[in-house]
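A.B. asks: One structure coming up, written as structure tokens, with questions to follow.
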């Protein structure tokens, strides 16, 4: 019993010491250890083991069914609108337009050249301006019996007024062309300058009203009124009044349209007069797909003159198909047409025509023509076109020397029927705006019923043209024209039989004409130019007994204000 008490006392004393140690640490030299007995390690012979097998308690926890009720309620918001400044877009800056351009020069054969342009400048409402030009030569070609100078003068006033979706174009023109009948197969005497003088004055006025509807379903249209009066040194005159119009629109994917015109001519010469009225109507329809295009129409033509009336109704059609990416596009066409051989047209082709031709003027009619060709674009710089045609022609016009004229220095016109074969090929190359190259070849062959040859009309024409812009400083232009030989009829009277006329053929040699032009831009405003024509100095005849000038040059300057 006493032992038990002492044990309890020791336990409580040790517990109190432990409790106190948490409050204040006891120094190591004051710690006392009391050993009751020695430590004897041992292992229990019969350990108690857990006999239960581990298992997973699978319990499904059910989520409570919670319901939410949404009570709709408007939430009032308040905001203030601040003004936003409008955006300002600056367009592309337009280059300033110069209003006045003058150009002039002089050359051999006492040549003088002057040209000027004036434009009112940029405007959304209208546009107008003036163009004047003069070119003359006051020296003769060697070996001719008469003075061979010439002069060309042009004055053109033009203007355009923009009216809503329409524009009104108007222009007034005056031209004066002066030549001399210096050719003479007799060559026995010199002609006085005034006795062989010829000039042509022409005043023309044109008016056109054009529509510009962006909507393709609207009826686009144009109406044109053209008039000119022309006379010459021999009191021969011609009046022409032409009214024409066209209209077109899209119906679904097809384009339908109609062209119509009325053309009136009145010619007066000292010995004869001639009047003619031509009516033309041409309805058509066109359609196109991704690779094909087709156009069909009907050409109705009527001609009234002092001869018997003439009527013509001919269908026309054309079609093309792009075989491969615009590189290979064949096309065909069936067409007809006519050429009005007016006095103005004939003298523009050959200014040495006898004015008496107006009494017997006939129009050239192409009864039909079948065309087939191939065109394409080989690259962004290279393109080509080649085609051939065959058809029947009536009243084809050719110039021959007028033997009825005492001086034998004028031409008249002969007409003949036949068939016509034409072939054309061209290749064009353009590298940006710096280099442009073009090669063209034409073959024209008439198979006439009466005339021996297609007088003064070569069968082969070759043209080479090149333009090169060297750093905007030098502009170089070169041309080469080549024609094969052509033929002229020569009528001779026999000494033994003065009333008998013998026809022989005269061959006019082939023509090769090389030209070169260079322009040097000293500044944006001032330039100098040099033009050389017929560099080979070849003497050739475009018309029988009329030699052309040999090598000639023109030197001048131009200025932009």
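A.B. asks: I'd like to know if the range 239-255 contains one or more residues that are surrounded by 16 or more Cβ atoms within 10 Å (Cβ to Cβ) and in contact (Cβ under 8 Å) with a residue 40 or more places away in the chain.
C.D. replies: yes
A.B. asks: Look at residue 332 and say whether it is in contact with a strand residue (DSSP E or B) (Cβ under 6 Å, 6 or more places away or on another chain), exposed (fewer than 15 other Cβ atoms within 10 Å of the Cβ) and in a strand (DSSP E or B).
C.D. replies: Details: in contact with a strand residue (DSSP E or B) (Cβ under 6 Å, 6 or more places away or on another chain): yes; exposed (fewer than 15 other Cβ atoms within 10 Å of the Cβ): yes; in a strand (DSSP E or B): yes.
So residue 332 fits the description; yes.
A.B. asks: Within the range 202-238, work out how many residues are touching a residue at least 60 places away in the same chain (Cβ under 8 Å) and crowded, with 16+ Cβ neighbours inside 10 Å.
C.D. replies: 6
A.B. asks: To continue, here is another question. Take the range 109-127 and flag every residue that is touching a strand residue (DSSP E or B) at 6+ places or on another chain (Cβ under 8 Å), on the phi < 0 side of the Ramachandran plot and modelled with pLDDT under 95. Write out each step before concluding.
C.D. replies: Filtering the range 109-127 for residues touching a strand residue (DSSP E or B) at 6+ places or on another chain (Cβ under 8 Å) gives 109-120, 124-127.
Pick out the ones that are also on the phi < 0 side of the Ramachandran plot and you get 111-120, 124-127.
Result: 119, 120, 124, 125, 126, 127.
A.B. asks: Looking at the structure I just gave you, is residue 368 modelled with pLDDT of 95 or more and surrounded by fewer than 18 Cβ atoms within 10 Å (Cβ to Cβ)?
C.D. replies: Values: modelled with pLDDT of 95 or more: no; surrounded by fewer than 18 Cβ atoms within 10 Å (Cβ to Cβ): yes.
Taking the combined requirement at face value, the residue does not satisfy it.
A.B. asks: Could you tell me which numbered condition residue 284 fails, if it satisfies all but one of (1) touching a helix residue (DSSP H, G or I) at 6+ places or on another chain (Cβ under 9 Å); (2) surrounded by 14 or more Cβ atoms within 10 Å (Cβ to Cβ)?
C.D. replies: If we test residue 284 against (1) touching a helix residue (DSSP H, G or I) at 6+ places or on another chain (Cβ under 9 Å); (2) surrounded by 14 or more Cβ atoms within 10 Å (Cβ to Cβ), just (1) comes out false.
A.B. asks: Something else now. If you take the residues of the range 382-404 that are in contact (Cβ under 8 Å) with a residue 60 or more places away in the chain and assigned to a strand (DSSP E or B), which of them is surrounded by the fewest Cβ atoms within 10 Å (Cβ to Cβ)? I'd like the intermediate steps shown before the answer.
C.D. replies: Within the range 382-404, the first condition is being in contact (Cβ under 8 Å) with a residue 60 or more places away in the chain, and the residues that meet it are 399-401, 403.
Filter once more, keeping what is assigned to a strand (DSSP E or B): 399-401.
On the way: 399: 21, 400: 17, 401: 25.
Top of the filtered list is 400.
A.B. asks: Here's something else I'd like to know. Restricting the range 405-430 to residues that are touching a residue at least 12 places away in the same chain (Cβ under 8 Å) and assigned to a loop (DSSP other than H, G, I, E, B), which is surrounded by the fewest Cβ atoms within 10 Å (Cβ to Cβ)?
C.D. replies: 405
A.B. asks: Let me ask something else about it. Restrict the check to the range 302-322 and report whether at least one residue is within 22 Å of the chain's Cα centre (by Cα) and either over 20 Å from residue 371 (Cβ atoms) or assigned to a loop (DSSP other than H, G, I, E, B) (or both). First the steps, then the outcome.
C.D. replies: Step one: filter the range 302-322 for residues within 22 Å of the chain's Cα centre (by Cα), giving 318-322.
Subsequent filtering for residues that are either over 20 Å from residue 371 (Cβ atoms) or assigned to a loop (DSSP other than H, G, I, E, B) (or both) retains 322.
The answer is yes; a qualifying residue exists.
A.B. asks: Are there strands (runs of 3 or more DSSP E) fully within the range 111-183 with at least 1 residues that are free of Cβ contacts under 8 Å to residues at least 24 places away in the same chain? List them.
C.D. replies: Numbers: elements: 111-119, 126-137, 150-163, 166-180.
Per the criteria, 111-119, 126-137, 150-163.
A.B. asks: Taking the stated definitions as given, is residue 263 touching a residue at least 60 places away in the same chain (Cβ under 8 Å), closer than 26 Å to residue 298 by Cα and either under 28 Å from the mean Cα position of the chain (by Cα) or surrounded by 14 or more Cβ atoms within 10 Å (Cβ to Cβ) (or both)?
C.D. replies: Values: touching a residue at least 60 places away in the same chain (Cβ under 8 Å): yes; closer than 26 Å to residue 298 by Cα: yes; either under 28 Å from the mean Cα position of the chain (by Cα) or surrounded by 14 or more Cβ atoms within 10 Å (Cβ to Cβ) (or both): yes.
Yes, satisfied.
The values are calculated or read from the model by the stated rules, or taken from the named source; none is laboratory data. Quick caveat: nothing in here was measured; it's all calculated off a predicted structure. Don't worry about glycine lacking a Cβ; one is built from the backbone with ideal geometry, like all the others, and counts go over all protein chains shown.
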